[in-house]
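Okay, so here's the structure we're looking at.
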Amino acid sequence: MTVEVKVEETKVAEVVVVPQEEPEKVVVVEERKNDVNGDVEVKEVDAADNDGPKTVQKSSSYKEESNFLSDLKEFERKALSDLKLKLEEAILGNSLFKKEGAKKKEKEVEKPVEEEKEKENETKEGEESGEQEGEKKEDVKPQGDNVKEKTVLECEEEKSEVVIEEKGEEIDRDISIWGVPLFPSKGSEGTDVVLLKFLRARDFKVNDALEMLKKTLQWRKESSIDSLLDEEIGVDLSSAFYMNGIDREGHPVCYNIYGVFENEELYAKAFGDEEKRKQFLRWRFQLMEKGIQKLDLRPGGIASLLQISDLKNSPSPSKKELRTAMSKAVTLLQDNYPEFVAKNIFINVPFWYYAFNALLSPFLAQRTKSKFVVVRPAKTTETLLK
């Protein structure tokens, strides 16, 4: 089947798909200039031989990447194993989250220790000077030294107690994200699925994936995301963003209908001031959390959403409030919900979208951009039916 879209300039976007036991394929979306029918053809081309492109007969672009260990490549299995090892060490070492309080307390202990040592040095210097002048301080010196040494020793012991207290903190082996236990030794089948999302988002670079996971956990903690599902948010944007149904592969579908913001009252309610924009973000994250509740985060399960964004009659990006809020939402969703969108389909795309996309593009990972499907109005129905 051929998917076609009218555009003004020639642009090529490539998505590399690597089947398990088939030659590498490249899906090429080519937008042709001055085509009378305004068509974009989606073709499947053999990477080794670009001659004789084959037209895609059916949509297979929403299939999940396998989360079964047996289907992973050797370097992917090794990366997953290394990440699980590092994650377990981080959990056992209580180093997943920042500990500002402990650092502050340790500094408070270090300060009197340094002061006592300085006073001790000053006392010794004074005693040496007194001896040179013939002053006898044999009776005072031992007592003074004992007092000072004891004070320093007490401070050192207090500092040690802080370290012991930190090391003695209760280890949270029940830490989880999206209802999936993160402690590898628990053996939850969903742990691999979640960790693979972070690895894929960071090209299987273990340290980068672990850092991303840490930042996500910290953000969720600071933003109280785990309690967001039960939170009553003061704005209702269900006419603009909602979940409804599934696609042919079983992915829950999330709709973003930006045209409703033509209504000035709703626009002001969502983006009118800084506080309203914060509510908008929490509302959007809450919807994402609700969508994830519909997923099956186990090997073989449907572990991502299909997102459809309708740009018909949507306000142009010249509206600063909308542009600022959406840019922040896109960044936070990408950084904290890795690999949760199988495809992001944009329909009824106006010409200004390409300029807006150019502004957002530097903030998007290449893997994220590769999942975008842009559809002109004439081909909306055909694309969605696929």
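The values are calculated or read from the model by the stated rules, or taken from the named source; none is laboratory data. Worth saying up front: this structure is predicted, and the values here are computed from it rather than measured. Cβ coordinates were reconstructed from backbone atoms using ideal geometry, including for glycine residues, and neighbour counts include every protein chain displayed. Please note that ligands, DNA and RNA were not included when accessible areas were found on the heavy atoms of the full protein model with its side chains. Shrake-Rupley method; radii C 1.70, N 1.55, O 1.52, S 1.80 Å.
One table, with the values for the structure above:
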| read-out | value |
| --- | --- |
| Filter on 221/320; 215/328; 320/369; 98/221 - keep pairs with C-alpha separation over 18 Å | 221/320; 320/369 |
| Length-normalised contact order of region 294-353 in % [C-alpha pairs under 8 Å, at least 6 apart] | 52 |
| Other-chain or far-sequence residues with amide H under 5 Å of residue 345's (modelled H) | 307, 308, 309, 373 |
| Residues of region 242-386: accessible area per residue with a 1.4 Å probe, Å² | 46 |
| Pairs from 78/186; 186/294; 99/371 whose Cα-Cα separation, in the structure shown, is over 31 Å | 99/371 |
| Calculated FRET value between residue 215 and residue 327, using beta carbons and R₀ = 25 Å, to 0.05 | 0.85 |
